[in-house]
Amino acid sequence: MISFFLCILLLIGGFFVYGKFTEKVFGPDDRATPATAMEDGTDYVPMGTARIFLIQLLNIAGLGPIFGALAGAAWGPSVFLWITFGTLLGGGVHDYMVGMMSMRHKGASVSELTGMYLGDGMKQVMRVFSVVLLVLVGVTFSTGPANLLAMLTPHVLDAKFWLAVVLIYYFIATFVPIDKVIGKIYPIFGLCL
């Protein structure tokens, strides 16, 4: 329990100390975001603060609390340190910096940003890495929810059924404009968290 509270204190301290340092290194400004400057109704859609917050909460939390709890059960208190330092040094700073760089380059993706700063060779490496990572994340975020839903309905619906439902949802969310599906549904999921 001591490691849990220590990690909570580190996260809070990191927010105030390391967060301020990161903000000074790459501070925000008042320029228009790509969603506002390049609004197209599909990829670039301005949304209200509350809706964006709930979408980001869902994206950040996702299956993390479930896999984090499983990792904690498997490997013990060391997982608290992994989550804490991974959040402070990896997740938080990486997401903030990439978001700020993307905003300053008209919403460019990570691979495009890599190409701008490190050349075409590294851009291609980053594209391959991104595809592999997206496949792994896609498998995890498809089978994870399907298996969880199958555990909730063990005698009625199996994991294959739920996997089909999840994949159909992902297909719809991919091909229907974001403001028609995700912008309306995600906040509901965010509230459920």
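The values are calculated or read from the model by the stated rules, or taken from the named source; none is laboratory data. The structure displayed is predicted, hence computed values, not measured ones. Ideal geometry is used to build each Cβ from the backbone, glycine not excepted, and the neighbour counts take in all protein chains shown.
When Tyr169 is tested against the conditions (1) surrounded by 14 or more Cβ atoms within 10 Å (Cβ to Cβ); (2) at negative phi; (3) touching a residue at least 60 places away in the same chain (Cβ under 8 Å), the lone failure is (3).
The residue of the stretch 7-17 that is nearest to Val98 (Cα to Cα), among those that are out of contact with any Gly (no Cβ under 8 Å at 6 or more places or on another chain) and surrounded by 14 or more Cβ atoms within 10 Å (Cβ to Cβ), is Leu11. Just checking, which of Leu148, Leu191, Leu163 is at pLDDT below 85, more than 29 Å from Met47 (Cα to Cα) and part of a helix (DSSP H, G or I)? Checking each option against the conditions leaves just Leu148.
Looking across the stretch 166-188, just one residue is outside any helix (DSSP H, G or I) and at pLDDT 70 or above, and that is Val176.
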